[in-house]
1. Within the range 172-190, can one find any residue that is open to solvent by less than 60 Å² (accessible area, probe 1.4 Å) and touching a residue at least 60 places away in the same chain (Cβ under 8 Å)?
2. Condition first: away from ligand 1 (no atom under 16 Å from the Cβ), open to solvent by less than 60 Å² (accessible area, probe 1.4 Å) and out of contact with any Pro (no Cβ under 7 Å at 6 or more places or on another chain). Now tell me which residues in the range 304-332 satisfy that.
3. Could you check the range 313-409 for strands (runs of 3 or more DSSP E) lying wholly inside it with 2 or more residues that are assigned by TED's automatic domain parsing to the domain that holds residue 170 and over 21 Å from residue 299 (Cα atoms)?
4. Output the number of the condition that residue 397 fails; it satisfies all remaining conditions of (1) touching a residue at least 60 places away in the same chain (Cβ under 8 Å); (2) out of contact with any strand residue (DSSP E or B) (no Cβ under 7 Å at 6 or more places or on another chain); (3) more than 16 Å from ligand 2 (Cβ to nearest atom).
5. Looking at the range 294-306, can you tell me whether even one residue there is among the hydrophobic types (A, V, I, L, M, F, W, C), touching a helix residue (DSSP H, G or I) at 6+ places or on another chain (Cβ under 8 Å) and over 14 Å from residue 221 (Cα atoms)?
6. Identify all residues within the range 368-385 that are away from ligand 2 (no atom under 16 Å from the Cβ) and farther than 11 Å from residue 164 by Cβ; write none if there are none.
7. Just checking, does the range 275-282 include any residue being more than 25 Å from residue 365 (Cβ to Cβ), touching a residue at least 12 places away in the same chain (Cβ under 8 Å) and either within 15 Å of ligand 2 (Cβ to nearest atom) or not assigned by TED's automatic domain parsing to the domain that holds residue 344 (or both)?
8. Residue by residue through the range 225-263, note down the ones that are closer than 23 Å to residue 404 by Cα, more than 13 Å from ligand 1 (Cβ to nearest atom), aliphatic (A, V, I, L, M) and part of a helix (DSSP H, G or I).
Amino acid sequence: MFSFFKKKPQPDAAPAPAPSPEVSSGETPAAPATPARSVFSPSSWFGKGAPPAPPPAPSPAPEVEALATPAIPPEAPTLLGQPESPQPTPAEPAPPPVTAPAPAPVVIAPVPAPAQPERSGWLGKLKNGLRKTGNSITAAFVNAQIDDELYEELEEALLMADTGVKATEHLLEDLRRRVKSNMATDASQVKSLLADAIADLLRPLEKSLVIGEYTPTVIMVAGVNGAGKTTSIGKLTKHLANEGASVLLAAADTFRAAAREQLLVWADRNTVEIVSQEGGDPAAVSFDAVNAGKARGKDVVLVDTAGRLPTQIHLMDELKKIKRVVNRADPTAPHEVLLVIDGNTGQNALAQVKAFDEALGLTGLVVTKLDGTAKGGVLCAIARERPIPVYFIGVGEKLEDLETFDAREFAQALLG
Ligand SMILES: Nc1nc2c(ncn2[C@@H]2O[C@H](COP(=O)(O)OP(=O)(O)O)[C@@H](O)[C@H]2O)c(=O)[nH]1
Ligand SMILES: [Mg+2]
């Protein structure tokens, strides 16, 4: 946390912004031919790039060629939102092309103080959001003795909160141990020991999203319909843009006409571009977006996909195809495969995590709608049964309602 992370210097042969026919207008100057080293602002949002490792071979031609015929439709997806695009930013005169990259290192965004003031506001929100889940658990402690009845009530409350049988058993065993070793004598102590147990159980889910190890960092986002994928991408985009990272969005939800507009509404039009194609092949859109991201030196490419149930085999196959094709555009990508889950779905969310993980190999989760749910215990179930890192949690529809996940914070908000 709070550490710098750097864009790694480009490997000796900088990936040539090779002619990318799929990008409608070839804005190339943003992709520097010389190694650029930039330092992003540290924050609790994004982690540190891995230590120097052998740079990925930018093997350019074969993958692109192999793919160009089957996956790229004759009509190229459109690239929206770029500065020179005629439509989206009428008030904004086209900025002059970036000519020479500044000598390294360049601080893109000034470094704020390590302690983030907005985090305290977030805690209140989190607490509020988790109230429904927390209330049923904390109710067990009211005027309670430390006896079997207390443990039984806790068991019931944890199960009701969709903590799942395994995590509930684990927590209660752990709690009994803690109560004994701390020689707790009243219920309020037990409550804070339960918070400790939950924090310890959830801790393996804490992880920072790394931006800057690859350029671009390609993040693929999947999930069922209405889980909050597009909204979360929008929030994440805005945060990234605020931190000085350039973002390119792939509107690979090509089924819904409104999907692209929804993304555009969220995105900061001056810093975000969108590759989209109404009704097109989502894999082709993703492929083009990654290529455009490479050619334009974007920091992040976010791929928004259409919602699907894990039981819809052909749609799951389509997701796998998107992943494969993205990997052909950039052999190191996707760098992250995120599943967005709706906190209201309780135990079904765990089923989704397992199914999407088996199909795609998930690297992280975004758990939305923890506000207003009584089922927030599902994070414990995930931690126990499929511990995939939770990068972000959402407790509302507003921009500031998405934050990084902190196990201790979560446990305290739940039982506080
Ligand atoms: N209350 C609440 N609503 C959310 C949250 N995240 C997303 N939503 C809402 O959920 C609905 C579906 O979101 P959307 O991003 O379109 O889902 P998608 O189909 O997965 O892309 C929208 O009305 C969002 O405003 C959250 O954390 N809390
Ligand atoms: Mg969507």
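1. First pass over the range 172-190, keeping only residues open to solvent by less than 60 Å² (accessible area, probe 1.4 Å): 172, 174-175, 178-179, 184, 187, 190.
If we keep only those that are touching a residue at least 60 places away in the same chain (Cβ under 8 Å) as well, we get none.
Within the range 172-190 (the criterion being open to solvent by less than 60 Å² (accessible area, probe 1.4 Å) and touching a residue at least 60 places away in the same chain (Cβ under 8 Å)), the answer is no, since none of the residues qualifies.
2. Once the filter is applied, which keeps residues that are away from ligand 1 (no atom under 16 Å from the Cβ), open to solvent by less than 60 Å² (accessible area, probe 1.4 Å) and out of contact with any Pro (no Cβ under 7 Å at 6 or more places or on another chain), the range 304-332 yields 325, 329, 330.
3. Result: empty, no element qualifies.
4. Tallying (1) touching a residue at least 60 places away in the same chain (Cβ under 8 Å); (2) out of contact with any strand residue (DSSP E or B) (no Cβ under 7 Å at 6 or more places or on another chain); (3) more than 16 Å from ligand 2 (Cβ to nearest atom), residue 397 fails exactly one: (3).
5. Applying the first criterion (among the hydrophobic types (A, V, I, L, M, F, W, C)) to the range 294-306 yields 295, 300-303, 306.
Checking the rest, the ones that are also touching a helix residue (DSSP H, G or I) at 6+ places or on another chain (Cβ under 8 Å) come to 300-303, 306.
Those left that are additionally over 14 Å from residue 221 (Cα atoms): none.
No: the range 294-306 contains no residue that is among the hydrophobic types (A, V, I, L, M, F, W, C), touching a helix residue (DSSP H, G or I) at 6+ places or on another chain (Cβ under 8 Å) and over 14 Å from residue 221 (Cα atoms).
6. Taking the range 368-385 first, the residues away from ligand 2 (no atom under 16 Å from the Cβ) are 370-385.
Answer for the range 368-385, where residues must be away from ligand 2 (no atom under 16 Å from the Cβ) and farther than 11 Å from residue 164 by Cβ: 370, 371, 372, 373, 374, 376.
7. Checking the range 275-282: at least one residue is more than 25 Å from residue 365 (Cβ to Cβ), touching a residue at least 12 places away in the same chain (Cβ under 8 Å) and either within 15 Å of ligand 2 (Cβ to nearest atom) or not assigned by TED's automatic domain parsing to the domain that holds residue 344 (or both).
8. Once the filter is applied, which keeps residues that are closer than 23 Å to residue 404 by Cα, more than 13 Å from ligand 1 (Cβ to nearest atom), aliphatic (A, V, I, L, M) and part of a helix (DSSP H, G or I), the range 225-263 yields 240, 241.
The values are calculated or read from the model by the stated rules, or taken from the named source; none is laboratory data. On a predicted model such as this, the values are computed, not experimentally measured, just so you know. Heads up, the Cβs are rebuilt from the backbone with ideal geometry, glycines too, and the neighbour counts pull from every protein chain shown. Note: areas computed on protein heavy atoms with side chains; ligands, DNA, RNA excluded. Shrake-Rupley method; radii C 1.70, N 1.55, O 1.52, S 1.80 Å.
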